[in-house]
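Since the structure comes first, as structure tokens, the remarks are kept for the end.
Bear in mind these aren't lab numbers, they're just calculated from the coordinates by the rules spelled out. Quick caveat, the model's predicted, so the values are computed rather than measured. Don't worry about glycine lacking a Cβ; one is built from the backbone with ideal geometry, like all the others, and counts go over all protein chains shown.
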Amino acid sequence: MPKSLPIEADKTELGACHYKISVKVPAERVTEEFDHAYKSASRGMKIPGFRPGKAPATVLRQLLGDGIQEHAAEHLFEHTSGDALGVVGLRNEVLRMLDFDSSQYTVEDGVALEFEFEVETMPQIDLPEWSDIDVEPAETEASDEQIQEALDGLGHNHAKFDEVEDGSVDEELLAEIDLLYELDGEAGPEAKELKFGLGSPLYGADPDKYDEALRGTQAGSEFELDVEFNEGFSKEEWVGKSGVAKIKVLKVLKQRPATKDELCESLGLESPEILDERLVARIAADNSQRERERQAHEILATIVNLHPFELPARMIEEEAAATTKSNKERMIQQGATEEQAEEEAAKHEEQMVEDAEKRLKHWFILRKVGAEMKVRVTSKDLDMAYRSISMQQQVDVKMVKSYYKEQNMVDNLRGEILESKVRSTIVDVVAKHREEKAVAPLES
């Protein structure tokens, strides 16, 4: 294939990693690009008197008409902008082209063209020697406070209920009840030995009337409440009608955390000692994971401090804006008004920009390290991630794979896995150099 006619191009730095590219395309190159576009558009067409792909451009122009003009212009901009980046030495550095609007230019076959576009480029990152980075590791053994906190949490999660003789339901005591729904004297769904307290929602009943009826009841008490059978009720033919809920209080209970012995019984463990051992192991593993994450973050911060670099300002602004938008949406979902969310976001605007810049810098460093150390995401890594997600979501792993492919999320997952692997790699590398420096004086 013959080499395309050359173009002229210059770059002007507009800011950190931000350039304006000015391009001059001679008339002969414009014609050449138009000819390429015409032939591309006519590929597969049968034109009388010519072999496939051999019809001259003049014939193709007449055959395809004015409708091909826009396609030819797009073809021209695509090819010449790529060539321009090569001329100015940025072909392999570009992250993205910014807001280029080709419609502002008039493009005519055989007429020289000048146009401009802007690009953002990769930041220039210089990695230090790993031996220059020293991150002191912290203790990861389970502390007495962590063990007690874990026991307390397990105790509340496996709560026990003690019967209170002669007790009555209040803010601290619950009721164990039997519940029966009725409609015009016809018995409907029922449930046995439910545990309810004040403020617990009873399907179909007014919350205030429910609390009023339950408060002060004792074992053996019985009462009824008016209820509405709304959409989703188990007896579809009752939906939209009014009935009653018949409630019988069986016991009054006091909730308390499970003891160690009760936890062992619930968890199928032989002794409290085994429970302690498992808690200690789990806490130590969690501590170790958090410590590795802390070290990775500190290593990245150290790299930025040792060899500072700049990022495109617009990229930082967009990252901060996306985070702010997400935070505002979350606040509104939690009950805040739009005005309250806006006010809260305004308070943290500077911090959002600072955090965005930090995240992006760490992201670029991780990818630079990953490329230099040849860290790869394998099919085994992906399979492990799919299995982990399926366990967390309690769905079949095949469904997870299918969902990620259908939603075009596989590349995002690969990126997350790669980042995790690189973080782990830099922690191990820094630890290795720290150990070597500690051994060196002993050997000497």
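Numbers at a glance
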read-out	value
Summed side-chain charge close to Gly82 - residues other than Gly82 whose Cβ falls under 12 Å, Lys, Arg +1, Asp, Glu -1	-2
Estimated FRET transfer efficiency (Asp381, Arg330; beta-carbon r; R0 30 Å; 0.05)	0.45
Reach of Lys374 by Cα under 14 Å, taken over aspartates and glutamates that are not fewer than 8 positions away in the same chain	Glu419
Cα-based shape type of segment 232-282, given that a ≥ b ≥ c are square roots of the gyration tensor eigenvalues and the cut on a/c is 1.5	prolate
Selection from Gly86, Tyr386, Leu5 lying farthest towards where the dipole of the chain points positive, charges on Cβ	Leu5
Mean Cβ neighbour count within 10 Å, used as a protection proxy, ranking 383-391, 423-431, 325-333 highest first	423-431, 383-391, 325-333
Pairs of Lys in segment 160-256 closer than 24 Å at Cα, counting only those 8 or more apart or on different chains	27
Pairs beyond 29 Å (Cα-Cα), from Lys401/Lys432; Lys24/Lys368; Lys20/Lys361	Lys401/Lys432; Lys24/Lys368
At R0 = 56 Å, FRET efficiency that the Cβ-Cβ distance of Ala187 and Glu293 yields, to 0.05	0.50
Burial order of peptide ranges 343-355, 234-246 (average beta-carbon count within 10 Å, highest first)	234-246, 343-355
Over the chain: helical MRE at 222 nm, DSSP H runs n ≥ 4 each giving -39500 (n - 2.57), nearest 500	-16500 deg cm²/dmol
Residues with amide H under 5 Å from that of Ala142, placed H, sequence gap 5 or more	Ala284
